[in-house]
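*Asks:* Below are the structure tokens for one structure; questions will follow.
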Amino acid sequence: MDGRRATQIRSVTRRARMASGLYAAPMRRWGFVGRTDELSRLVSAATSPGSRGIFFSGTAGVGKSRLLAEALAGLAAQDCAVWSASANIATAGIPFGGLAQVLPADQPAGLTPAGVMRWAVDALHQQAAGRRIVIGIDDAHLLDPSSAALVYLIARSDNATVLGTLRSGEAVPLPIRALWTDDLVDHAELGPLTEADSNELLTAMLGDPMDAPSADRLYRLSAGNALMLRELVIAAHASDELTRTYGVWRWTGRSQLSPSLDKLIDARIGQLDPGVRAVVELVAMGEPIGLTLLHRATDSSSVETAEERGLIRVDVHDRRSDVRLAHPLYGEVVRRRCPVTRARRLNAHLAELVEQAGTRRRDDLLRVAVWRLDSGTAQDPALLLRAGGQAFSQFDVPLAARLARAALEAGGGYQAAELLATILMFGDQAEEAIRVLDSVADQISSDERRSRWLTVRGMVSYWGLDRESTVAEIAADAERLTDPADRARVVAFEAIMRLHRLECAEALRLSRSVLDRPAATVAARGLARCTIAHLQAARGELTLSGRAVDGVAAEAAQWRAEMPYLQLALELARGTRLALAGDLAGIDAIVAAEFADLADAGDFRLGSGYLSILRAQAARLRGQTGEALRTSLGACAVLATSRVFAGLAHAERAQAAAMRGDVASAMEAMAESDRSQTSGMAVLYPWLEQARATVQATTGELATAVGTLRELVHRLEADGFAGHEVLALHDLVRLGRADIEVGEPTVTGRRRTVAQRLTELSETVDGPLPALVARHARAEYGHSGDQLLAVADGFAELGLNVFAAEATSRAVTRLRAARSNRSHEANLRLAGLLRRCDVLRTPALSVRQPALTDRERQIARLAARGLASRNIAEQLYISTRTVENHLQRVYNKLGVAGRGELWPALKAIPEQEGEPDR
């Protein structure tokens, strides 16, 4: 495809998508989203020489009709004669009924069917008046025979294209099928929406994004079907189960089906005989269910019939064959309509079948416990307790709480209460957790039980209720424990609490004392190592921190059952190290790992919220400020009831908004961060103060921002947080203050400049970033445009596009001032870096912007498009000499040699509206 053709296709596609629009109000008609490749393929089929069209097949509701309509809407604006028709059952028996919307009304009388076809083709060409004919037929499988034959004839005629849709599984008229079997048109299957397209559609319907767990759940239920997704959202909205917090929607209820969707699913399932119904109901209650188990519980012929009818599907993995319903919503309908007594009987039957066969699969224990609960036959507290622990180890907070509560009610005693209280803590129900723990205080009969009770109660009190006195209380209680292993558990918790309240020396001493005790459990040692790893990262000992984190992660199988929430301490230490190192690939890896999926799916909010903060940090540093803002807003919504990471989430939101130039939102977010931050998480202060300085700089208070950063550097040096200090000093460099003095006086009585301090830190802080940042400071201090360009290359290699763009921007300023012939090269590089970024408004990019007048900007744009001075003068009604004078001033301001260098220089100014047409 040549460049002109690709441009034409993109233009038509863009117009088609813009024509539909996006609507902010929920439940209004949504704009066309996604399907970019398919839309481009339709447009290409209609406009490419030699192409005669394409047909898309797909299931009902997958979006075939909307896709065709969008393509036709865009093509109508081109030099094409566009007609559309929608076949239906009512016209299927009427000759040419399917194309009644296309055929001219003045049909001559007395023509044979063949004559009508020839006349119709000629009439369409006459109306087209030399333009390319485009015929769009929706639901072409319902065309009557005459219309189908006419479509085939049109496709064979010159300068004509046929586009159409078909429903999968339906009989297709022979002339339509012959279109692709005779190689006249292409035929493709339109698959379900991708998850990204589904999320975009949700945003279009609701006006704001939906949080990841809710969006994932809706995507799975709809199976990528646009119609079903819409109906699910309509039902959720009607039942007030959609809530909006910080601009993010969350689905809080169970699956509700709208009447229209209910009828659609009913029609797909159809009438079921007793045998097939038994199969479908059993799979609905137990999916996924082993094929062997299903054959044992039901009639084999009924299983085969259910599969043939497309009601169930069999997934084969190695030697395992699991049976699921063909569509997730089938289960919702079947379970809702199944009588309560029969549902209980089926659940009990499933539990008995698995118990008889033996709980061999990893999730069998959990599934049996849930079936027992749902059938009302859960009488074994030990079963419920083990299942609750397993659910919590998979970070499924709602299910774990349900099982633990049932275990407590069934007589599970202290162990059930401890598990339930722990889960309630991570479900943001700290007050209830305390009540549950206090209710079993009289059952503490050993040091082992007391140590567990103390740690859970301490965790709830410190992080859940923000009671700082907890640290002293837990330290005193630990002294009364005699067993070394039990005491080590309590001391490990005390250590991480002290780290979080910035008692770093004591935290390190306590953590080392745990590691020095051979009797300490793997979980207690893991928690101690995470405390040390976090502290090492803050101090810039990134290599040691990484080794410690990797060691704890390698032993996860040994501590996961006893202390699953240790994963959170692990991620905090690992995330801190990666963020301080500027390791964006490392952040990408952990936010894509299994824990992130489990935390999102299981409503483990502290886990999913913190990982969202990390994801936002990475997006911000890449210059994807829109993604950073959306992700940080999602984190704020998830952590709205949390006392742990809420302040950090709002600080990240403030940074993203500030970098987009949204001063009001940035200030509001920073104020909310201050309100949300607790003294129990004081260890996070470096991130919050950096955010504060960013917001101050964005509001134009550069002196205040510099003061905030200088105070932060002083505090970080006193705390020994060299890893954080590197980033704070670099923020001063980014503000053009590499020359100011910071920190404590040296032995000579003088303070070091920012550049000097960074050079010192580059020799002690691990990783490539400190050395690169120090080079940036020296280049800025020395006003060296060439060195700034070299530094920018280093940042770009790390994916740190914001830093790279800022360094290049400063290089442009220096090279222009020096009248260097490299200024044009720097402009080109800056334009390329800014193209990688979203909206970006930072002081380093704003300060250097040349002040072009409106007339200068107007003339520069016209010149960049290739217009001669005489043509510009005629267009603007001014003299050619005036144009040349304006251009000379523009060249001087932008540091360019002539017209050929204008467009990259204009593009490098962020507030300019994109690249000039050339």
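The values are calculated or read from the model by the stated rules, or taken from the named source; none is laboratory data. Fair warning: this is a prediction, and the values are worked out from it, not measured in the lab. When we count neighbours, we look across all protein chains shown, and the Cβ atoms used for this are built from the backbone with ideal geometry, even at glycine. Note: areas computed on protein heavy atoms with side chains; ligands, DNA, RNA excluded. Shrake-Rupley method; radii C 1.70, N 1.55, O 1.52, S 1.80 Å.
*Asks:* I'd like to know which of I444, C338, W463 lies farthest towards the positive end of the charge dipole of region 334-473, counting +1 on Cβ of Lys and Arg and -1 on Cβ of Asp and Glu.
*Replies:* C338
*Asks:* Continuing with this model, one more query. Amide H of D186 versus every other amide H placed in the peptide plane: which residues, excluding those fewer than 5 positions away on the same chain, fall under 5 Å?
*Replies:* Those qualifying (amide H under 5 Å, at least 5 residues apart or on another chain) are G53, I54, F55.
*Asks:* For region 535-599 and region 177-219, what is the centre-to-centre distance using only Cα atoms, to the nearest Å?
*Replies:* Taking the Cα centre of region 177-219 as reference, the centre of region 535-599 is 35 Å away.
*Asks:* Sticking with this structure for a sec: Lys/Arg Cβ at +1, Asp/Glu Cβ at -1, dipole of the chain taken about the Cα centre: which of A357, Q429, A561 is farthest positive-ward?
*Replies:* The listed residue farthest towards the positive side: Q429.
*Asks:* Take peptides 696-707, 55-66 and line them up by average Cβ neighbours within 10 Å, highest first, as a rough protection proxy. Intermediate results must be reported in sequence, preceding the final value.
*Replies:* Working: 696-707: 17.6, 55-66: 21.7.
By packing density, highest mean first, the sequence is 55-66, 696-707.
*Asks:* In sequence order, what are the phi-derived ³J(HN,Hα) couplings for region 38-45 according to the Karplus relation 6.51 cos²θ - 1.76 cosθ + 1.60 with θ = phi - 60°, rounded to whole Hz, with x for glycine and proline?
*Replies:* 5, 5, 5, 5, 5, 5, 5, 4
*Asks:* Sorted by average packing, counted as other Cβ atoms within 10 angstrom per residue and highest first, what order do 376-388, 873-885, 140-152 take? Mind dumping the intermediate values first?
*Replies:* On the way: 376-388: 19.5, 873-885: 14.0, 140-152: 23.5.
Packing proxy ranking, top to bottom: 140-152, 376-388, 873-885.
*Asks:* Is the shape of region 77-172 best called rounded, prolate or oblate, per the rule: a/c under 1.5 gives rounded, else a/b larger than b/c gives prolate, else oblate, with a ≥ b ≥ c the square roots of the Cα gyration tensor eigenvalues?
*Replies:* On the way: a/c = 1.91, a/b = 1.18, b/c = 1.62.
In terms of gyration-tensor shape, oblate.
*Asks:* Search the structure for amide H atoms under 5 Å from the amide H of I289, placed 1.01 Å from N in the peptide plane, and list their residues when 5 or more places away or on another chain.
*Replies:* HN-HN under 5 Å from I289: V323.
*Asks:* Here is a further query. If you stretched the chain out fully between A196 and R836, how much longer would it get, using 0.36 nm times the residue separation minus the C-alpha to C-alpha distance? Can you show the working numbers first?
*Replies:* Numbers: separation 640, 0.36 × 640 = 230.40 nm, distance 2.01 nm.
Length difference between fully extended and current span is 228.4 nm.
*Asks:* Then there's this: Once both labels are modelled 7 Å past Cα along the beta-carbon direction, what's the Q271-R547 spacing in nm?
*Replies:* 7.4
*Asks:* Between S545, L789, G586, whose Cα lies farthest towards the positive end of the dipole of the chain when Lys and Arg beta carbons carry +1 and Asp and Glu beta carbons carry -1, centred on the Cα centre?
*Replies:* So the residue we want is L789.
*Asks:* Ignoring everything except DSSP H segments at least 4 long, calculate the 222 nm mean residue ellipticity for the chain; use -39,500 (n - 2.57) per segment, divide by total residues, nearest 500. The partial results should precede the final answer.
*Replies:* Working: 47 runs with 578 residues, N = 918.
So the helix-based figure for the chain works out to -19500 deg cm²/dmol.
*Asks:* About the Cα centre, and with charges only on the beta carbon of Lys, Arg (+1) and Asp, Glu (-1), how big is the dipole of the chain? Nearest 20 debye, please. Can you show the working numbers first?
*Replies:* Numbers: 110 positive and 111 negative charges, 431 e Å.
Around 2060 debye, computed over the chain.
*Asks:* Leaving out ligands, DNA and RNA, what percent of the accessible area of region 168-284 is carbon and sulfur, probe 1.4 Å? Each step should come with its number before you reach the end.
*Replies:* Details: 2620 of 5110 Å².
Whole-percent figure for carbon plus sulfur exposure: 51.
*Asks:* Turning to a different aspect of this structure: For R881 and D183 in the same chain, what is the full-extension length gain: residue separation times 0.36 nm, less their Cα-Cα distance, in nm? Mind showing how you got there, number by number?
*Replies:* Working: separation 698, 0.36 × 698 = 251.28 nm, distance 6.17 nm.
So the extension gain works out to 245.1 nm.
*Asks:* Another one. Assuming R0 = 30 Å, can you tell me the calculated FRET efficiency for the pair E711 and H783, based on Cβ-Cβ distance, to the nearest 0.05? All intermediate terms of the calculation are to be shown ahead of the outcome.
*Replies:* Numbers: r = 27 Å, r/R0 = 0.90.
Using R0 = 30 Å, I get an efficiency of 0.65.
*Asks:* Also: For region 283-346, what is the accessible area per residue in Å² when the probe is 1.4 Å?
*Replies:* Working: 3470 Å² over 64 residues.
Heavy-atom SASA per residue in region 283-346 reads 54 Å².
*Asks:* Additional query: When the dipole is taken about the Cα centre of region 52-139, and only Lys, Arg (+1) and Asp, Glu (-1) are charged at their Cβ, what size is it in debye, to the nearest 20?
*Replies:* Details: 6 positive and 6 negative charges, 36 e Å.
In total the dipole reaches around 180 debye.
*Asks:* Now for a different question. For region 346-359, just list the computed ³J(HN,Hα) in residue order, Karplus coefficients 6.51, -1.76 and 1.60, θ = phi - 60°, integers in Hz, with x standing in for Gly and Pro.
*Replies:* Rounded to whole hertz, the list is 5, 5, 5, 5, 4, 4, 5, 4, 5, 4, 5, 7, x, 7.
*Asks:* Going by amide H atoms built from the backbone, whose H comes under 5 Å of the H on S86, apart from near neighbours?
*Replies:* When sequence neighbours closer than 5 places are left aside, the close amide H contacts are D138.
*Asks:* Also: At 7 Å along the Cα-to-beta-carbon direction for both E432 and D363, put a label point, then send me their distance in nm to one decimal.
*Replies:* With each label point 7 Å from Cα toward Cβ, the separation is 2.5 nm.
*Asks:* What is the dipole size for region 171-313, taken about its Cα centre, with +1 at each Lys and Arg Cβ and -1 at each Asp and Glu Cβ, in debye to the nearest 20?
*Replies:* Numbers: 13 positive and 22 negative charges, 87 e Å.
It works out to roughly 420 debye.
*Asks:* Okay, next question. Sorting check: for 547-555, 617-625, 315-323, which peptide has the highest mean count of neighbouring beta carbons within 10 Å, and how do the rest follow? Mind dumping the intermediate values first?
*Replies:* Details: 547-555: 17.3, 617-625: 23.4, 315-323: 11.7.
Going from most to least packed, we get 617-625, 547-555, 315-323.
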